[in-house]
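Here is the structure we will look at.
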Amino acid sequence: MQKHSSLIRAAVDKYNMIDEGDRIAVGVSGGKDSLALLSGLIHLKRYYPKAFQVVAITADPCFGGIENDYSLIEDYCREQGIEYVIRRTELYKVVFEDMKKEESPCSLCAKMRRGILHNMAKELSCNKVALGHHSDDAAETFLMNIFRSGTVSCFRPVTYLSEKDITVIRPMIFCDEHKIEALCQRYSLPVVKSRCPVDKTTEREKTKALIRSLSEIYPDLKAKLIGALERGKISGWK
């Protein structure tokens with residue numbers, strides 16, 4: 001956990017993600033990435049020189065019209081002394097029933113979920129929202145934007161949303177996905193299996209497979225993509 005939180009601290013320090021007195025809402029989907037982020041920030045706050053608070057928040061999509069079971073995450077947060085708030089939503093109904101002809105359900109679902117998380121954060125008096133995107137997500141998003149829309153862009157490490165007066169941070173941008181998986185297994189983090197009807201069949205999964213295939217020809221491809229983001233100072237990377 002120390003190495004994981006050190007990588008989080010490296011991103012936090014480089015991009016000035018955390019200030020004294022911050023109250024940070026961590027978006028917890030139940031997946032490995034969000035739980036690794038939550039556990040990493042809980043560990044970091046114990047020794048980071050700037051005092052900050054952590055709150056865990058979940059927007060349950062209620063896939064299939066059924067509320068998901070987050071009881072193990074509730075137990076984990078209780079053990080860690082962390083406030084945990086769950087909001088049941090109609091994301092599934094809107095994305096997969098009302099808007100079933102939408103070409104990109106993942107994009108719509110993510111956008112709506114972020115909006116809900118931002119509102120929850122404000123209601124809980126949080127000034128920042130932390131999301132669990134990692135270095136693999138950055139490399140994939142970079143390529144997806146080039147392939148799908150012809151834009152050289154990616155999500156930003158830090159984004160200030162003026163309409164909400166809230167800052168979105170991504171402290172795991174230096175963390176590798178396979179190491180996150182190992183961390184979750186080693187510490188038995190309470191990962192909740194995704195019930196999304198398009199899980200593992202998305203455009204992102206295709207891009208992940210493409211990077212994996214190209215990496216056999218071009219070693220360290222992912223690192224080079226991240227380096228290109230930083231050297232080009234694209235989307236706030238530096």
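Starting from the Cα of E74, step 7 Å toward the Cβ, then list every residue of region 42-58 with an amide N under 16 Å from that point.
56-58
How large is the accessible surface of H43 in square angstrom, using a 1.4 angstrom probe and rounding to the nearest 10?
H43 has an accessible surface of roughly 40 Å² with all protein chains in place.
Order 171-181, 23-33 from most to least packed using the mean count of other Cβ atoms within 10 Å.
The densest-packed peptide leads the list: 23-33, 171-181.
Going down the list K32/K206; K111/K222; K111/K206; K14/K222; K45/K179; K3/K32, which pairs span over 23 Å between their C-alpha atoms?
K111/K222
Please enumerate, by chain and number, the aspartates and glutamates with C-alpha under 12 Å from the C-alpha of K208, excluding those fewer than 8 residues away in the same chain.
Result set, ordered by chain and number: D136, D137, E140, E177.
Using r as the Cβ-Cβ distance of E230 and A209, and R0 as 30 Å, what FRET efficiency do you calculate, to the nearest 0.05?
In this case the efficiency is close to 0.75.
Heavy-atom accessible area per residue, region 28-175, 1.4 Å probe: how many Å²?
Spelled out: the 1.4 Å probe surface of region 28-175, per residue, equals 46 Å².
What FRET efficiency do you get for E20 and I66 if R0 is 35 Å and r is their Cβ-Cβ distance, rounded to the nearest 0.05?
E between E20 and I66, to the nearest 0.05, is 0.25.
Counting pairwise Cα distances across the chain, what percent come out greater than 34 angstrom?
Of all Cα-Cα distances in the chain, 12 percent exceed 34 Å.
Relative contact order for the chain using alpha-carbon pairs under 8 Å, separation at least 6, rounded to a whole percent?
Answer for the chain is 24 percent.
Could you look at region 137-238 and say what percent of its accessible area is carbon and sulfur, using a 1.4 Å probe and all protein chains?
53 percent
Under the rule of -39500 (n - 2.57) per DSSP H run of 4 or more residues, summed and divided by the residues of the chain, what mean residue ellipticity at 222 nm is obtained, to the nearest 500 deg cm²/dmol?
-13500 deg cm²/dmol
The values are calculated or read from the model by the stated rules, or taken from the named source; none is laboratory data. Source: prediction; values computed, not measured. FYI the Cβ positions are ideal-geometry reconstructions off the backbone, even for glycines, and counts take in every protein chain you see. Accessible surface is based on the protein model in full, side chains and every heavy atom, while ligands, DNA and RNA are left aside. Shrake-Rupley method; radii C 1.70, N 1.55, O 1.52, S 1.80 Å.
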